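Working notes, structure below.
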Amino acid sequence: MREPVSLAYLLARASDTLADTEGLDAELRFEMLQHFGEILGGGEKATWLAKLSNEVIPFQKHEGEILLLETMGEVFDWLDRLDCEQARCAILKVMKHILHGQSLDIQRFEIQQWHMLREDAELEEYCFLVAGCVGEFWTEIGNLALAEFSSVDLGDLKQMGVNYGKGLQLINILRDLPADLRLGRCYIPGVDPSDRGAVMREATRWRLRARAYLSEGQAYAASLRSRRTRAATALPGLIGESTLDLLDQASWEELDSGIKVPRRDVYRFMWESFFV
């Protein structure tokens with residue numbers, strides 16, 4: 001599984017860096033993401049790579065992200081050389097979803113200047129596009145690479161993987177509520193962003209949904225036949241459940257200060273993940 005998963009990670013990390021670059025005009029970020037998708041579909045790269053070098057990389061602060069963006073030509077070449085056509089198709093599919101989700105986020109909150117999502121379906125869609133699709137991708141690659149990947153039917157396993165990814169993304173959103181609100185973004189649907197009490201009450205409902213999705217993730221992990229794959233799959237869920245426990249008890253001020261699972265607990269979850 002390592003090669004296609006690693007390649008997909010680099011592509012997704014690059015698009016995420018583009019989407020989140022501070023100080024870069026929203027229209028330019030949106031345009032760069034759209035062209036990124038065209039390159040993955042076989043479009044020309046030179047113009048995009050030149051714009052990346054001249055207009056995007058100068059705004060980067062993280063050394064690893066700078067290096068990644070500087071070597072994107074090689075990452076695209078790696079995708080072109082990938083031997084397994086089924087794995088390549090899976091990468092293109094997951095990146096299409098991710099790029100759409102990132103573009104939609106910029107379009108809604110920055111270009112169209114939305115202040116909040118309006119319906120539950122919009123949050124569910126966003127969570128699928130930027131994370132749920134990754135659970136589906138992981139399932140497809142595991143099924144391609146490993147004989148008897150899971151004891152669960154492939155179609156059911158894909159849906160479990162989708163829900164697992166959505167649950168993990170919901171945790172990110174719920175943890176970052178104050179920071180997102182300062183940026184003028186409320187991902188909790190149908191609430192007045194200026195009413196902290198209403199936001200916190202609705203957040204409780206979404207934490208319950210996140211827990212339900214994570215329970216599917218743990219059932220997913222338990223169904224996997226490879227111990228290493230099972231551990232790698234279970235670990236984010238164990239950390240996620242602990243994060244939800246902290247969020248259940250957190251005040252707005254504690255949320256604003258940052259909720260983080262202690263490192264000692266992460267080490268314990270790494271050990272526990274082998275026994276799911």
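Any chance you could run the full-extension gain for Asp256 through Leu154? It's 0.36 nm times the residue separation minus the Cα-Cα distance, nm to one decimal. Please report the intermediate quantities before stating the final value.
Values: separation 102, 0.36 × 102 = 36.72 nm, distance 4.05 nm.
Difference between extended and current length: 32.7 nm.
Please state the charge dipole magnitude for the range 158-276, taken about the Cα centre, from unit charges on C-beta atoms (+1 on K and R, -1 on D and E), reported in debye and rounded to the nearest 20. Each step should come with its number before you reach the end.
Details: 19 positive and 14 negative charges, 140 e Å.
With only Lys, Arg, Asp and Glu charged at Cβ, the dipole is about 680 debye.
Where Lys and Arg each count +1 and Asp and Glu each count -1, what net charge lies around Leu82 among other residues with Cβ under 15 Å from its Cβ? Could the numbers behind the result be given before it?
On the way: positive: Arg2, Arg81, Arg88, Lys93; negative: Glu3, Glu74, Asp77, Asp80, Asp83, Glu85, Glu140.
Computed value for this residue: -3.
So for the chain, taking the charge dipole from beta-carbon charges (+1 Lys/Arg, -1 Asp/Glu), which of Gly142, Leu82, Met32 sits furthest toward the positive end?
Gly142
Taking the Cα centre of the chain as origin, sum charge times position over the Cβ atoms of Lys and Arg (+1) and Asp and Glu (-1), and report the length of that vector in debye to the nearest 20. It would help to have the intermediate numbers written out before the result.
Values: 31 positive and 44 negative charges, 179 e Å.
The calculated dipole for the chain is roughly 860 debye.
Compute the Cα gyration tensor for the range 1-90, then decide on rounded, prolate or oblate, letting a ≥ b ≥ c be the square roots of its eigenvalues: rounded whenever a/c is under 1.5, prolate when a/b is larger than b/c in the other cases, and oblate in all that remain.
Details: a/c = 2.03, a/b = 1.60, b/c = 1.27.
Taking the square roots of the gyration eigenvalues as a ≥ b ≥ c, the range 1-90 is prolate.
Among Phe275, Gly42, Ala250, whose Cα sits farthest toward the positive end of the charge dipole of the chain (+1 at Cβ of Lys/Arg, -1 at Cβ of Asp/Glu, about the Cα centre)?
After comparing all options, I get Phe275.
Which of Ala232, Gln159, Tyr187 sits farthest toward the positive end of the charge dipole of the range 115-276, with +1 on the Cβ of Lys and Arg and -1 on the Cβ of Asp and Glu?
Positive-most Cα among the choices belongs to Ala232.
Can you compute the charge dipole magnitude of the range 37-151 about its Cα centre, using +1 on each Lys and Arg Cβ and -1 on each Asp and Glu Cβ, nothing else charged? Give it in debye, rounded to the nearest 20.
Numbers: 9 positive and 21 negative charges, 40 e Å.
Around 200 debye, computed over the range 37-151.
Per residue of the range 196-205, what does 6.51 cos²θ - 1.76 cosθ + 1.60 with θ = phi - 60° give for ³J(HN,Hα)? Whole Hz please, x for Gly and Pro, Karplus curve as stated.
So the Karplus estimates, Gly and Pro as x, are 4, x, 5, 4, 5, 5, 5, 4, 4, 4 Hz.
May I ask you to evaluate 6.51 cos²θ - 1.76 cosθ + 1.60, the Karplus curve with θ = phi - 60°, for each residue of the range 86-100 and list the ³J(HN,Hα) values in order in whole Hz, giving x for glycine and proline?
Computed from phi, the couplings for the range 86-100 are 5, 5, 4, 4, 5, 5, 4, 5, 5, 5, 4, 5, 4, 4, 5 Hz.
Could you calculate the contour length gain from Gln34 to Glu85, that is, 0.36 nm times the residue separation minus the distance between their Cα atoms, to one decimal place in nm? Before the final figure, lay out each step's value.
Details: separation 51, 0.36 × 51 = 18.36 nm, distance 2.34 nm.
Net length gain for the segment: 16.0 nm.
Quick one: which residues, 5+ away or cross-chain, put their amide H under 5 Å from the amide H of Met116? H built at 1.01 Å from N.
Distant-sequence amide H within range of Met116: Cys186.
Multiplying the sequence separation of Tyr9 and Leu208 by 0.36 nm and subtracting their Cα-Cα distance, what value in nm do you get?
Contour length minus the Cα-Cα distance gives 68.8 nm.
Can you check what the net charge comes to around Ile111, using other residues whose Cβ is under 15 Å from the Cβ of Ile111 (Lys, Arg +1; Asp, Glu -1)?
On the way: positive: Arg29, Arg108, Arg185; negative: Asp25, Glu27, Glu31, Asp105, Glu110.
Result for the local shell: -2.
Every number here is computed from the coordinates shown, using simple stated rules; none is lab data. All values reported here derive from a predicted model rather than from experimental measurement. Every residue, glycine among them, receives a Cβ derived from its backbone with ideal geometry; neighbour counts consider all protein chains shown.
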